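Data block below; observations after.
The values are calculated or read from the model by the stated rules, or taken from the named source; none is laboratory data. Quick caveat, the model's predicted, so the values are computed rather than measured. Here the Cβ positions follow ideal geometry from the backbone for every residue, glycine too, while neighbour counts run over all protein chains shown. All accessible areas refer to the heavy atoms of the entire protein, side chains included, with ligands and DNA or RNA removed. Shrake-Rupley method; radii C 1.70, N 1.55, O 1.52, S 1.80 Å.
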Amino acid sequence: MIVGGPEGGDSANTRKAWARQLYVGTVYGREEGSKKVCREPITFTDKDLPTGETPHRDALVIAMDVNGVVVRRILVDTGSSVNVLYLETFTKTGLTREQLNPVKTPLASFTGDSVEAEGSITLPVEVDSYPDVQKLSMKFIVVDLAWSHNAILGRPGLEDLGELISIEHLCLKFRTPSGIGTVRCDRRVARDCYLQACRGMGKREMQAHEITERPPKKAMIPRPEPAVELEEVEIDLEQPDRRVRIGVGLPEEIREEVIKVLREHRLVFAWGPEDMPGVDQSIIAHRLTVNPDHRPVVPKKRYLANDRREFVKKEVSMLLAAGHIREVKYPEWLANVVLVPKPPAWRMCVDYTDLNKACPKDPFPLSRIDQLVDETIGSALLSLMDAFRGYHQIFMHPADEEKTAFLTPDGVYCYRVMPFGLKNAGATYTRMVARLFQDLLGKSMATYVDDMLVKSREEIKHAERFG
């Protein structure tokens with residue numbers, strides 16, 4: 001396998017743009033131009049089989065005219081991203097280095113070794129199968145290596161020729177203006193090339209792109225595990241299924257204090273949508289500043305498989321019971337439901353791509369994770385909390401509710417609370433947390449969106465800070 005060179009682009013950015021072409025834009029069919037090309041089918045039959053023993057295991061080695069010189073020992077290689085012409089062969093065809101164009105990207109083999117190319121050149125090529133002859137210009141990458149072959153015909157050349165290959169039949173066929181051309185392998189030359197390559201193993205060194213030795217890999221740092229085991233503790237004696245986890249290794253006095261605080265504030269914890277009354281709208285509500293120049297978008301309904309339809313029905317029923325959504329009629333904006341894998345089932349989201357394009361970005365800053373980590377250094381105890389569907393604790397502004405309308409298999413609904421997927425939802429939630437905990441953030445508390453942490457430098461004061 002040979003990769004690199006100018007194919008796909010001679011820089012990282014152009015290669016990325018080349019890779020994105022299959023996902024963005026239009027794919028056009030082959031253009032034949034003004035040249036009349038025979039489109040009869042290309043077939044391989046038993047008449048095309050080579051003479052001799054089978055299976056043969058030979059490589060496909062051919063000859064063709066390059067720049068007016070018949071070049072033999074050309075390896076046909078579908079694993080090469082470029083057409084390769086070795087420097088010795090290049091000079092024997094009467095060409096000079098001054099005719100080469102620069103190539104920035106080196107070539108690399110399957111072992112990872114790389115070699116700098118001398119340059120690239122486009123040469124006239126004739127592939128003979130008289131009277132069916134194919135003539136065209138072909139781009140070669142010239143490398144200064146000694147090898148048993150004179151050149152490599154890679155994927156670009158094979159596509160330019162429109163060739164079909166059969167390794168079993170040891171030949172390649174291509175269309176020409178006068179019919180189907182055939183070029184057969186010279187099996188004696190192919191085996192001679194193979195024997196020469198085997199004799200040179202261990203004696204020949206490739207020109208390495210990196211001259212210095214690679215630095216040894218750093219030893220993998222083991223991922224830190226919890227310092228102590230965790231145990232589940234009931235915080236509501238009337239509902240024993242409501243539990244939290246605390247460290248087993250806590251001193252008994254501190255453990256009792258923490259459990260006492262948790263039980264005193266058990267109503268703060270949410271175990272389901274019914275436990276979330278939401279944040280008062282006088283503190284915060286999510287607004288959609290939709291650009292009036294954007295026309296509302298109503299997409300077509302997406303198909304959902306039966307099992308996914310049932311999941312959406314259950315999710316909608318739960319959100320209706322919690323008062324998080326309501327039915328809506330004649331909405332201007334509409335979006336489709338999208339199910340995102342979340343083992344063992346899915347998470348129901350809404351594709352607000354079109355609505356988000358019509359809204360400007362809220363620049364409210366998110367916390368810097370590296371800074372939060374640095375600020376926890378030296379803490380004796382940490383308590384971690386995760387907001388249960390935290391976005392749903394913030395209400396939508398009544399004037400913007402119907403803009404969040406989404407289509408389900410059984411109806412059209414809109415959110416009364418802030419849904420996932422809306423542009424600026426993270427900024428609104430971060431702003432809400434900053435307002436509610438402004439006196440604690442940076443001191444005894446740290447937050448990143450809906451993940452919260454209570455910290456204390458002295459174990460004895462942790463329950464007091466946590467409460």
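Data table
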item	result
Student exercise, the chain dipole from Lys, Arg, Asp, Glu Cβ charges, in Debye to nearest 20	1260
Sulfur and carbon atoms: percent of accessible area, the chain [1.4 Å]	52
Computed FRET value (nearest 0.05) for Glu238 with Gln371, which takes r as the C-beta separation and R₀ as 41 Å	0.50
Farthest positive-ward along the chain dipole, Cα basis, beta-carbon charges - from Thr45, Thr91, Gly179	Gly179
Amide H within-cut-off set for His286, under 5 Å, with H built and near neighbours excluded	Phe395, Met396, His397
Cα Rg, Dmax (largest Cα-Cα span) when computed across the stretch 44-89, Å	13.9, 38
Simple spin-label estimate for Val70 and Glu327 in nanometres, 7 Å along Cα-Cβ	8.5
Residue pairs, from the table Lys104/Lys173; Lys300/Lys329; Lys300/Lys423; Lys135/Lys173, whose Cα atoms sit over 24 Å apart	Lys104/Lys173
Point-to-point label distance, Tyr448-Ala19, nm (Cα→Cβ direction, 7 Å offset)	2.6
Surface per residue (accessible, 1.4 Å probe) for the chain, Å²	63
³J(HN,Hα) computed for each position of the stretch 60-65 - Karplus, 6.51 cos²θ - 1.76 cosθ + 1.60, integer Hz, glycine/proline x	8, 10, 10, 10, 7, 7
Projected label distance in nm at Leu145 and Asp307, using a 7 Å step from Cα toward the beta-carbon	4.8
Sparse-neighbourhood loop sites, GluC sites (Glu not before Pro) in the stretch 236-312 - DSSP loop, at most 14 other Cβ within 10 angstrom	Glu238
Kirkwood-type radius of the stretch 49-120, with distances r between different C-alpha atoms, in Å	14.8
Phi-based couplings in Hz for the stretch 151-162 (Karplus 6.51, -1.76, 1.60; Gly and Pro marked x)	7, 10, 9, x, 4, x, x, 5, 5, 4, 6, x
